[in-house]
Structure formats: C-alpha cells, structure tokens
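Taking it in order: structure first as structure tokens, then the write-up.
The values are calculated or read from the model by the stated rules, or taken from the named source; none is laboratory data. Nothing here was measured: the structure is a model prediction, and the numbers come from that model. Cβ: placed from backbone, ideal geometry, glycine included. Neighbour counts: every protein chain shown.
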C-alpha cells in the first residue's frame, strides 16, 4: 500500500518527512486531524527495523491522538513525531535542534512533548528553535507525563471495576502490570493505596526490584507468564501490540486497562474480547491522561489541576461503556464513534465566520 493510500485509509491530513545529513536526523511528522485545533503529539525516538515500520507507527499513533483529544474534550487535534534512530551514537543537541527547526516550519500545525525515548532535556533543545513544544514537570509547575498518565489509568480501571464488579473500589482485586517503567511504576503507587494484590513483570530486573522494595507483597512473574496469570485486571504498560490472535485465548482476566499504545494487534480483537466477556478499556481513553497536562496546546496546567482533571477519565470510560452496551458494539468502536461525532459536529461550524468584516454605512453607499 502506497503512502497516499495509507493516508486515505487512516484519514490523515499531512505527513512530513524530515532529513538532516549532518545530524543524521530522520523524522516523520504525522498530522492526522486538526478540526478541533493544533495537532498535539509526543516525540518518539525508537530503533525501528525499517522506514515502513516508522511510518506505520506514526500513522497509527497520530490517529490515536486524534481520538484522545476528542474523547478528552480537548481543543486539540492529533499528531505524532517519530524519530527513526538507526545509528549507534546517542542523538545530541544539534539533532534535536534540527528537529525543532522542522517543527517551527510548520508554524504550529503540531505541538510536541516527550514520549518514548525522549525526555524534557531533549525538548529543551527543541525549544531553542521553536515554541511549539511543551516542557512538563517541576520547573514549569506542572505534572510529569508519567504521573498524570498513571493517574488516568487508575481512574479508568475504577470505572471498569464498577461495570464488572459493581463497585469502583479496587480492594480485594488482583491486578497484573506488564512493564513497570516510568508509567507502570507510578501506576503501582496509585494501586497500592488500596488493599489489593499486585503481580508485575518487566524485562529489567532493577525496575522489578524497585517495585518489590516498596511493596514486598508484590508477586513477580516471568514476562511470558503475565498474560496467562490469574487476575481481575491486566494492565499492559509496555510496548504494543500486547493482545494477539495467538494469545487472546490465554487471558485469565476480566478487565484489560493499561497505558500501552496499540494494546490490540488488530482492532477486530476488540470484538473477540467482547465475546469472551472481557472488558477492554481502549488505549485512546485510559491513556489520555496526558491530554490533561494542558488547558490547550500551549498552556500547561499546574500539577494539582492536571491530576484533578485526570479523574475525568472515570466518567469518560463510563460513557464509553454505556455506549458500548446500548449499541451492542465493542468499547473500541464506542470510543471511536464518540470521538468522530464530536469532530463532525465541531467541523460543521467551521465555515461560520467568527469575525465578519463590518462596513460602515458610508462604505456601503460608496461615499
């Protein structure tokens, strides 16, 4: 499938390929939809196997961002910046400043922030060349992206528990976390406020030890055992896809809710999970906590404001579940319908001129 065919399939507005030979920068800027406002999307640095993999990731992730923005009632659109790191050296200041100049050239079409493989220091380099970048955390008075994302997942889980078990408290449940990196570790902190059992796995021993040092009762399992672990809630916090056609029958949970993007190998699996009576929270919903880091594409909220806003994910998830039941569709399809409907309605009023030209009586008469 060609690039334009892929853009048509996913509904993208613009794909920008950026290359800078001196720094070996290879970037793909994907802008999916800007009906609601400037596209917003993280800047991901990853060692993709191929150019095609990098492009496909940018297309999928930017589309998810559009859904997240619409679901979160944000006045932003969806985009993503993917950096294809296919060399041995660590990207330096010049590398990210080169990216900043490409972003500046788009004049606000997209605003970015740290994502997998990048951090606030990298964003500071980008900011030397453009204002279309957000810096989160203590220096700005805002919340860290990992913390706000974990908070949102926590509240999304509670909404799912309310539907499945009749109570929003997680006391007495067993929750399995796949991946305890920055978000997974923060999620464990939120979960252990309640009286529950925790199962974790990760490829990194130090991360596992960190969680078990804080919560000695935590049970550690091998990565290949986490999906088949007996639990109430499975929370994928690592790279997707996680649930595939091959392993879906291994699941021993009632709820899937985690911050991993692309939890499902194929969207058709959402129907299979529904058939198996497993409630799967769409990543576009429970992972949209980062949308509450800002009031719009530029104004960063305080940590207190952001965390309070992330609690809205409980109501958003409940709304998605209700629509899923009412229309007998998967939660994924329900989330997408809610997002598409908001985009359609807002898009329909865009041809109204907000500031019409006012002519004086003399001008009308030609005096």
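Things worth noting here:
- Pick from segment 110-141, criterion under 25 Å from residue 316 (Cβ atoms) and crowded, with 21+ Cβ neighbours inside 10 Å, ranking: modelled with the lowest pLDDT: 136
- Residue check for residue 183: more than 26 Å from residue 318 (Cα to Cα) and assigned by TED's automatic domain parsing to the domain that holds residue 289: no
- The residues of segment 153-180 that are assigned to a helix (DSSP H, G or I) and out of contact with any helix residue (DSSP H, G or I) (no Cβ under 9 Å at 6 or more places or on another chain), listed by number, are 161, 164, 165.
- Filter pass, residue 98 being farther than 16 Å from residue 260 by Cα, in contact with a helix residue (DSSP H, G or I) (Cβ under 9 Å, 6 or more places away or on another chain), assigned to a helix (DSSP H, G or I) and at pLDDT 95 or above: no
- The condition (being touching a residue at least 40 places away in the same chain (Cβ under 8 Å), crowded, with 22+ Cβ neighbours inside 10 Å, in contact with a helix residue (DSSP H, G or I) (Cβ under 7 Å, 6 or more places away or on another chain) and more than 19 Å from residue 149 (Cα to Cα)) is satisfied by just one residue among 27, 72: 27.
- Residue that is surrounded by the fewest Cβ atoms within 10 Å (Cβ to Cβ), among those in segment 186-218 that are closer than 21 Å to residue 310 by Cα and free of Cβ contacts under 8 Å to residues at least 60 places away in the same chain: 193
- Considering residues of segment 317-335 that are in contact with a helix residue (DSSP H, G or I) (Cβ under 6 Å, 6 or more places away or on another chain) and closer than 25 Å to residue 148 by Cα only, the residue surrounded by the fewest Cβ atoms within 10 Å (Cβ to Cβ): 318
- The lone exception for residue 80 - which of (1) touching a residue at least 12 places away in the same chain (Cβ under 8 Å); (2) surrounded by fewer than 24 Cβ atoms within 10 Å (Cβ to Cβ); (3) not in a loop (DSSP other than H, G, I, E, B) it fails: (2)
- Within segment 250-285, the set of residues being in a helix (DSSP H, G or I) and touching a helix residue (DSSP H, G or I) at 6+ places or on another chain (Cβ under 9 Å) comprises 269, 270, 271, 272, 273, 274, 283, 284, 285.
- Some residue of segment 211-228 being under 26 Å from residue 321 (Cα atoms) and within 24 Å of the chain's Cα centre (by Cα): yes
- Looking across segment 216-244, the residues that are in a loop (DSSP other than H, G, I, E, B) and in contact with a helix residue (DSSP H, G or I) (Cβ under 7 Å, 6 or more places away or on another chain) come down to 218, 227, 228, 237.
- Candidates 223, 236 - the one that is crowded, with 22+ Cβ neighbours inside 10 Å, at negative phi and either touching a strand residue (DSSP E or B) at 6+ places or on another chain (Cβ under 7 Å) or modelled with pLDDT under 95 (or both): 236
- Only one entry of 306, 310, 281, 257 meets the criterion of being modelled with pLDDT under 95, touching a strand residue (DSSP E or B) at 6+ places or on another chain (Cβ under 9 Å), surrounded by 15 or more Cβ atoms within 10 Å (Cβ to Cβ) and under 24 Å from residue 40 (Cβ atoms), and that entry is 306.
- Against the criterion of being surrounded by 22 or more Cβ atoms within 10 Å (Cβ to Cβ), in a helix (DSSP H, G or I) and either modelled with pLDDT under 95 or touching a helix residue (DSSP H, G or I) at 6+ places or on another chain (Cβ under 8 Å) (or both), residue 183 qualifies.
- Scanning segment 25-38 for residues that are more than 15 Å from residue 64 (Cα to Cα) and either outside any loop (DSSP other than H, G, I, E, B) or modelled with pLDDT of 95 or more (or both) returns 25, 26, 27, 28.
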